[in-house]
Structures are given as C-alpha cells and as structure tokens.
C-alpha cells in the first residue's frame, strides 16, 4: 500500500531524546526516553495479558479451547469466537510493538518486523512455550545478554545475534522446555 521503500517515523517530542545516568568514575550511561517508555508499556501490556488469560471469562475459555476443543464446545464455549478473540488479542500487542519500534528507530519498512519477530520467538522458547511469565523473563534475559554479552566476552557488538541464537541452541539442547518450563495441564506420555 505504501510501497517497498523505508519511511521515516516522527518521534513525539515528549518521548524523544535521552537522559544520562551518572555512575561516577565509571562514566555516564545514556538512556533513551523511548527505551524507558517501551519497557514500561511492555510491562503493562504483559500484565494486562496475564490478567486476561488468568482472571477473565475469555481467558478461561481460551485455556479450555487450547486444552481440548471438543470438550470446551460441549461445555458451552463458542470455540470460533474464542479463536477469533485470541487472534485479535494477539494482534493488539503486535500493533503496539510496531508503533513503539517506529518511535525508537525512526524508520520503518515492510521487513522491519522480521528480526524482532525472530527475537520474540527466541524469547518465548527461552522462557518456555505457553508461559506468559516465561516469555517475559526470556525477553528480558535475551535483552540483557545481547546488551552485555559482546562486551563481557570481548566480541564486537555486531555479534549480539550470534550470542543470542547460540544461547537458544544451548537452551534447546540442555533444557528443551525452556528456562521456566512449559505450562501443561497434563504430563506428556
């Protein structure tokens, strides 16, 4: 609709710019305001998602449909409506993430979501599939490892993706259900 060329994205003045945290002899760390806003909005969205999935009627229906569709339908759950609501609920944070990504990077293109989507999948696998708290933990853990890993290992910053996906391979080898594990109601045979 808008063409394949990248488009610039204007960051609002309220969340534009950076502020410095003084660490004394260690120096100053610049932190972007958009980074802080993204962190806070992400925590709020994850708390909201956790509340919806764990404490609402829709969340109970979503969990029932995920476990056993035919039985949920027999119990009076409108399976098609729950599936559509689940997809809509998944699209809301994805749209918010796209807007926040545009605010932070100030440039968008049709393929701008590929790497963040890959990193989100990696974070979900690291934390544990089906575990909202695990996905949040996996995302925070992955972010910290990508930020400090190259520096700690003495690698150039360009190797952050190599470190992240190496970590994914190690977790899949030694802890295939993720760091916090999968959320299952029944044990697999």
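The values are calculated or read from the model by the stated rules, or taken from the named source; none is laboratory data. Values in this document were obtained by computation on a predicted structure and should not be read as measured data. We place every Cβ from the backbone using ideal geometry, glycine too, and count neighbours over all the protein chains shown.
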query = Hey, does the range 92-104 have a residue that's at pLDDT below 95 and farther than 21 Å from residue 143 by Cα?
reply = yes
Search result, residues across the range 1-26 that are part of a loop (DSSP other than H, G, I, E, B), out of contact with any strand residue (DSSP E or B) (no Cβ under 7 Å at 6 or more places or on another chain) and surrounded by 10 or more Cβ atoms within 10 Å (Cβ to Cβ) = 11, 12, 16, 17
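In this structure, is residue 72 touching a helix residue (DSSP H, G or I) at 6+ places or on another chain (Cβ under 6 Å) and part of a helix (DSSP H, G or I)? Step through it out loud before you land on a result.
Working: touching a helix residue (DSSP H, G or I) at 6+ places or on another chain (Cβ under 6 Å): yes; part of a helix (DSSP H, G or I): yes.
When the stated conditions are applied, residue 72 passes them.
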key: Conditions (1) within 20 Å of residue 102 (Cα to Cα); (2) modelled with pLDDT of 85 or more: number failed by residue 21   = (1)
task = Would you confirm whether any residue within the range 93-107 is in a loop (DSSP other than H, G, I, E, B) and out of contact with any strand residue (DSSP E or B) (no Cβ under 8 Å at 6 or more places or on another chain)?
result = no
Conditions (1) within 16 Å of the chain's Cα centre (by Cα); (2) in contact (Cβ under 8 Å) with a residue 60 or more places away in the chain; (3) not in a helix (DSSP H, G or I); number of the one not met by residue 110 = (1)
ask   = Among all residue pairs at least 6 apart or on different chains, which show Cβ distances below 8 Å where the first residue, located in the range 32-55, is within 14 Å of residue 104 (Cα to Cα) and the second is at pLDDT below 90 and not in a helix (DSSP H, G or I)?
value = 32/17; 32/18; 33/16; 33/17; 33/18; 33/19; 34/11; 34/16
task = For the range 145-189, enumerate the residues that are closer than 16 Å to residue 131 by Cβ, more than 18 Å from the chain's Cα centre (by Cα) and either surrounded by 15 or more Cβ atoms within 10 Å (Cβ to Cβ) or at pLDDT 85 or above (or both).
result = 172, 175, 176
ask   = Assuming residue 78 fulfils every condition listed in (1) in contact (Cβ under 8 Å) with a residue 60 or more places away in the chain; (2) exposed (fewer than 15 other Cβ atoms within 10 Å of the Cβ) apart from one, which condition is it?
value = (1)
